[in-house]
Amino acid sequence: MATAKTTTDESDVGILCYISQLPGFRGILKQRYSDFIVNEVDNDGNVVHLTSLEVPAQLAEAAEEGENKVSNQIGKSYASEIEAFRSLAGDSDGERFEAFLTQFTAGSEESNNISPILLSPDSDKAHRTAMHNFFKEKFKFLVTDTVDGPDASSKCIRVRLNPGGHNNGGRNSKKRKDRSGKPFDSRGSYHWPEHLGKFLRFHLYKENKDTQEAIGLIGKMLGIQPRSFGFAGTKDKRSVSTQRVTVFRQHASRLAALNDRLIGIKVGNFCHVKEGLVLGQLLGNRFTVTLRGVIADSETTIKGSADSLGRHGFINYFGLQRFGSGSVPTHLIGAALLRGEWKSAASMILDPREGERDVVRKAREYYRESNDIEGTLRQLPRHLIAERAILQCLKKCPGNYLLALKAIPRTLRMMYVHSYQSYLWNHAASVRVQKYGIDRVVVGDLVYCKGDDTARETSGFNSECEDHSCDDMYDCSNLDETSGTYVPEWKNTPVKAVTAEDISSGNYTIDDVILPVPGMLSIWLRVCIVSRNFQ
């Protein structure tokens, strides 16, 4: 049975040139995941560390205030509101809702276990919208969504206790998914204090887990979906990393309570902000790297290589981590997506590959041989987010590979295409270095304008951040994008093509040369071909 190539080499992704002509040396990178430490650097240049697991007193007080308001709302009389609802929904739904409402009493320990109710089928979308708005205004401790009715053309409104609210943070809370209905996500509490920012920002520390896996686990424990989270960039799985994450309308106390239950993950440094993080909102990453098993001709070779790195920098290639740790490079999947080869892209994600654990390999082989989606999902580990998303959608929409690929969380889909962009950039950088070397600027090179050159710019581009690698529902019935592409505003410097006059003036060096990453709607700029920006 044929399987994919086990590893990807530098030459496979366009990493072909070196600045130094020294013989170099070999070493093992990431022999242990702790050999690779990644700390995000925010747009203000602050290096992100996890320094506190505690909830600030003012945030705890705000959460308690919100819970008290909900308890007060549950305990009060709603006679006038029930009459208003009866006028809007009719006597039958009015009686059903009144009986549902009477089950809630102030301080009741059983209120979390009260089953939701379905109102009568309603084909009028405008009327359903009015009903939803009524609940948002009058009953903030309840939440509604729309589900399929008894027949294919009808819809019903479902009413339940808001899971982001009253007394539901414990381990015994009812699961927020009805097996007969769609996944439910409140997207945070409606009863949100006006003086708090709607997004809770926290620092996520993780060991040997990728960003999607960590956020998926936290979301599952909170009962919210991945699209509620935002982050600036994905971090390597085989690493110890710390980064910023935002989540919509959640109290810090709920996340802090997870620390005792999480393994290899910690959250802290909580604060509330007005806007959530989106991809690209970072200055870069700081890496602390340990090399093991170093093999060199002599210590002089190692010292010479290190000195050369300090003096001359390096060709700023996209490294192997950009192309995935699996035996199927992510850029090949990205290329298939750009060609519109949906089935081929899905197969590359699902097919067996070398180097994986037996449980994963057997699940992949089982699916390829049997095409049994249910059986494969039972075997497939939950951390394989893309694979499970595709299979879940194919289960509902057999043969629709485009829809299945759209069921993959948006950031993960973007990663495949970004990987192919990086592959093209690496090859272009290698050609530039092979043709013209790394010691001079040539006519036609692109550079950021300096001084008066802004008046003579040939074109303008937005610069790329270091990492622009939440999210959609895994359910293929809901494919709305929840966030658009972020164009960073922190650097919007005009770009120009170097002229013979520029070269004679000596205004620009090889360190100023930049190279565009191929894009669809805009051209993003990679940082300099040759870089000395390392620590």
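Mind listing whichever residues of segment 269-284 are part of a strand (DSSP E or B) and buried (at least 20 other Cβ atoms within 10 Å of the Cβ)?
Passing the criteria: Asn269, Phe270, His272.
Looking at the structure I just gave you, is Thr7 closer than 29 Å to Val328 by Cα and loosely packed, with under 14 Cβ neighbours inside 10 Å? Talk me through it step by step, then tell me what you get.
Working: closer than 29 Å to Val328 by Cα: yes; loosely packed, with under 14 Cβ neighbours inside 10 Å: yes.
Yes; evaluated as a whole, the condition is true for this residue.
So, in segment 478-498, how many residues would count as being surrounded by fewer than 16 Cβ atoms within 10 Å (Cβ to Cβ), at pLDDT 90 or above and assigned to a loop (DSSP other than H, G, I, E, B)?
0
Collect the residues in segment 430-461 that are loosely packed, with under 15 Cβ neighbours inside 10 Å, among the small types (Gly, Ala, Ser) and either out of contact with any strand residue (DSSP E or B) (no Cβ under 9 Å at 6 or more places or on another chain) or modelled with pLDDT of 85 or more (or both), keeping them in residue-number order.
Selection gives Gly437, Gly444, Gly451, Ala455.
Let me confirm something: among Leu291, Leu196, Leu309, which residue is crowded, with 16+ Cβ neighbours inside 10 Å, more than 17 Å from the chain's Cα centre (by Cα) and over 22 Å from Ala407 (Cα atoms)?
Checking each option against the conditions leaves just Leu196.
Go through Ser173, Ser180 for me and flag whichever is at pLDDT below 90 and out of contact with any helix residue (DSSP H, G or I) (no Cβ under 8 Å at 6 or more places or on another chain).
Details: Ser173 fails: out of contact with any helix residue (DSSP H, G or I) (no Cβ under 8 Å at 6 or more places or on another chain).
When all the criteria are applied, what remains is Ser180.
For residues that are modelled with pLDDT under 90, open to solvent by 20 Å² or more (accessible area, probe 1.4 Å) and hydroxyl-bearing (Ser, Thr, Tyr), tally how many sit in segment 325-347.
1
Which residues, taken from segment 412-424, are open to solvent by 10 Å² or more (accessible area, probe 1.4 Å) and not charged (D, E, K, R)? Break it down into steps so the answer makes sense when it comes.
Kept after step one, since they are open to solvent by 10 Å² or more (accessible area, probe 1.4 Å), are these residues of segment 412-424: 412-418, 420-421, 423-424.
Hits for segment 412-424 are Leu412, Met414, Met415, Tyr416, Val417, His418, Tyr420, Gln421, Tyr423, Leu424.
Residue by residue through segment 367-387, note down the ones that are more than 23 Å from Thr7 (Cα to Cα) and surrounded by fewer than 19 Cβ atoms within 10 Å (Cβ to Cβ).
Those that are more than 23 Å from Thr7 (Cα to Cα) and surrounded by fewer than 19 Cβ atoms within 10 Å (Cβ to Cβ): Glu369, Ser370, Asn371, Asp372, Ile373, Glu374, Gly375, Leu377, Arg378, Gln379, Arg382.
Arg322 - would you say it is in a helix (DSSP H, G or I) and open to solvent by less than 40 Å² (accessible area, probe 1.4 Å)? First the steps, then the outcome.
Working: in a helix (DSSP H, G or I): yes; open to solvent by less than 40 Å² (accessible area, probe 1.4 Å): yes.
In short, yes.
Okay, residues lined up against (1) on the phi > 0 side of the Ramachandran plot; (2) over 34 Å from the mean Cα position of the chain (by Cα); (3) open to solvent by 30 Å² or more (accessible area, probe 1.4 Å); (4) of a type outside the set (D, E, K, R):
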{"site": "Leu119", "(1), (2), (3), (4)": "no, yes, no, yes"}
{"site": "Ser123", "(1), (2), (3), (4)": "no, yes, yes, yes"}
{"site": "His132", "(1), (2), (3), (4)": "no, no, yes, yes"}
{"site": "Lys136", "(1), (2), (3), (4)": "no, no, yes, no"}
{"site": "Asp151", "(1), (2), (3), (4)": "no, yes, yes, no"}
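Enumerate the pairs (first residue in segment 37-51 and more than 9 Å from Gln243 (Cα to Cα); second residue anywhere and aromatic (Phe, Trp, Tyr)) with beta-carbon separation below 6 Å, excluding pairs fewer than 6 apart on the same chain, so at least 6 apart or on different chains.
If the second residue must be aromatic (Phe, Trp, Tyr), the pairs left are Asn43/Trp490.
Inside segment 388-411, can you point out the residues that are surrounded by 16 or more Cβ atoms within 10 Å (Cβ to Cβ) and among the small types (Gly, Ala, Ser)?
Within segment 388-411, Ala389, Ala404, Ala407 meet the criteria.
Before we move on, is Arg286 among the charged types (D, E, K, R) and closer than 17 Å to Asn46 by Cβ?
In short, yes.
Among (1) surrounded by fewer than 19 Cβ atoms within 10 Å (Cβ to Cβ); (2) more than 17 Å from Ile315 (Cβ to Cβ), where does His427 come up short?
Condition not satisfied by His427: (2).
Take Val47 and tell me if it is open to solvent by less than 80 Å² (accessible area, probe 1.4 Å) and at pLDDT 85 or above. Before the answer, list the steps.
On the way: open to solvent by less than 80 Å² (accessible area, probe 1.4 Å): yes; at pLDDT 85 or above: yes.
Judged against the criteria, Val47 is a match.
The values are calculated or read from the model by the stated rules, or taken from the named source; none is laboratory data. On a predicted model such as this, the values are computed, not experimentally measured, just so you know. For neighbour counting, all protein chains shown are included, and Cβ atoms are generated from backbone atoms with ideal geometry for every residue, glycine included. SASA here: full protein model, heavy atoms, side chains in, ligands and nucleic acids out. Shrake-Rupley method; radii C 1.70, N 1.55, O 1.52, S 1.80 Å.
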